[in-house]
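Values quoted throughout were computed directly from the atomic coordinates according to the rules given, and no laboratory measurement underlies them. Source: prediction; values computed, not measured. Glycine gets a Cβ as well: all are built from the backbone with ideal geometry, and neighbour counts include every protein chain shown.
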Amino acid sequence: MMNERGESDSAIVAGKPTNKAERSAAEPVERRAEAKGNVSQQSTGRAQNRVTVSPALERIRQVAKSRKKEKFTALLHHISIDLLDEAFSALKENAAAGVDGLTWWDYEQNLERNLEDLHAGVHRGAYRALPSRRVYIPKPDGRQRPLAVAALERHDA
């Protein structure tokens, strides 16, 4: 059964072109539908882990890739409580604790307050990352492979 074309129909996706150049004229590929809206300001999906990146951080990434000698001097304003919350949500819940012994579940118990404190510490320049906890994983040949386990954040008294 065929439906009439309407507003919410999906876009035409380009097919794979043929490998032989002489046959490509006889077997054309359908044109891709144009994107609607302001595509450059939408969140972008990362292919590796499908996490969205804010448009501002994506622009910073593009500048860093295209202008290798560029110096970034004013990036702190991009660190927000919402961004810290997104970063925390992306962490593995069952990951091992770092040198501070703090697990994802412990940190999540008072998440709002922890993120507010972390945000304030970052913005006043008081935040310092803890060193990673080193563990060794045995290999089948008897040697050991070092593994670094990062801490969630530093808690100063």
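Residue 106 to residue 150: FRET efficiency via 1/(1 + (r/R0)^6), r the Cβ-Cβ distance, R0 22 Å, to the nearest 0.05?
On the way: r = 15 Å, r/R0 = 0.68.
The pair residue 106/residue 150 has a calculated efficiency of 0.90.
Just how large is the dipole of the range 43-149 about the Cα centre, in debye to the nearest 20, putting +1 at every Lys and Arg Cβ and -1 at every Asp and Glu Cβ? Please list the in-between numbers first.
Numbers: 18 positive and 13 negative charges, 204 e Å.
Around 980 debye, computed over the range 43-149.
Net charge within 13 Å of residue 112 by Cβ-Cβ distance, Lys/Arg positive one each and Asp/Glu negative one each, not counting residue 112 itself?
Numbers: positive: 113; negative: 82, 85, 108, 116, 117.
That works out to -4.
With θ set to phi - 60°, apply the Karplus curve 6.51 cos²θ - 1.76 cosθ + 1.60 along the range 68-75 and write out the HN-Hα couplings as whole Hz, x wherever there is a Gly or Pro.
Result, ordered by residue: 4, 9, 5, 9, 9, 10, 9, 10 Hz.
Which percent of Cα pairs goes in each bin when the distances of the range 43-149 are cut into 5 angstrom slices starting at zero?
2, 9, 13, 17, 17, 18, 12, 7, 4, 1
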